[in-house]
Amino acid sequence: DRYAFANGRPMVDNTTIDWFALQGREVSGWTAIQFKRLLDTCDIMDVPIK
């Protein structure tokens with residue numbers, strides 16, 4: 001879990017792990033990951049999904 005405030009190397013987010021991978025696949029150089037998480041995790045290092 002990482003977060004970036006600007007263009008550059010993201011900081012390691014040591015607060016909580018708020019997302020869960022459901023499945024993933026790679027086809028012709030494209031990677032798709034299906035995951036779930038709350039829209040607002042109340043974690044200061046997570047951006048709420050609106």
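Which of the residues that make up the stretch 15-43 are of a type in the set (A, V, I, L, M) and either in contact with a His (Cβ under 9 Å, 6 or more places away or on another chain) or under 18 Å from Tyr3 (Cβ atoms) (or both)?
Here is the first cut: in the stretch 15-43, the residues of a type in the set (A, V, I, L, M) are 17, 21-22, 27, 32-33, 38-39.
Scanning the stretch 15-43 gives Ile17, Ala21, Ile33, Leu38, Leu39.
Show the residue pairs meeting these rules: Cβ distance below 9 Å; 6+ apart or different chains; first residue within the stretch 5-19 and modelled with pLDDT under 80; second residue part of a loop (DSSP other than H, G, I, E, B) and loosely packed, with under 13 Cβ neighbours inside 10 Å.
Partner pairs satisfying both residue conditions: Met11/Ala4; Met11/Phe5; Thr15/Ile44.
Within the stretch 1-47, count every residue that is among the hydroxyl-bearing types (Ser, Thr, Tyr), loosely packed, with under 10 Cβ neighbours inside 10 Å and outside any loop (DSSP other than H, G, I, E, B). I'd like the intermediate steps shown before the answer.
Within the stretch 1-47, the first condition is being among the hydroxyl-bearing types (Ser, Thr, Tyr), and the residues that meet it are 3, 15-16, 28, 31, 41.
Narrowing further to those that are loosely packed, with under 10 Cβ neighbours inside 10 Å: 28, 31.
Narrowing further to those that are outside any loop (DSSP other than H, G, I, E, B): 31.
Residues flagged as among the hydroxyl-bearing types (Ser, Thr, Tyr), loosely packed, with under 10 Cβ neighbours inside 10 Å and outside any loop (DSSP other than H, G, I, E, B) within the stretch 1-47 amount to 1.
The values are calculated or read from the model by the stated rules, or taken from the named source; none is laboratory data. Please read these numbers as outputs of a predicted model, since none were measured by experiment. Virtual Cβ from ideal backbone geometry, glycine too; neighbours counted across all protein chains shown.
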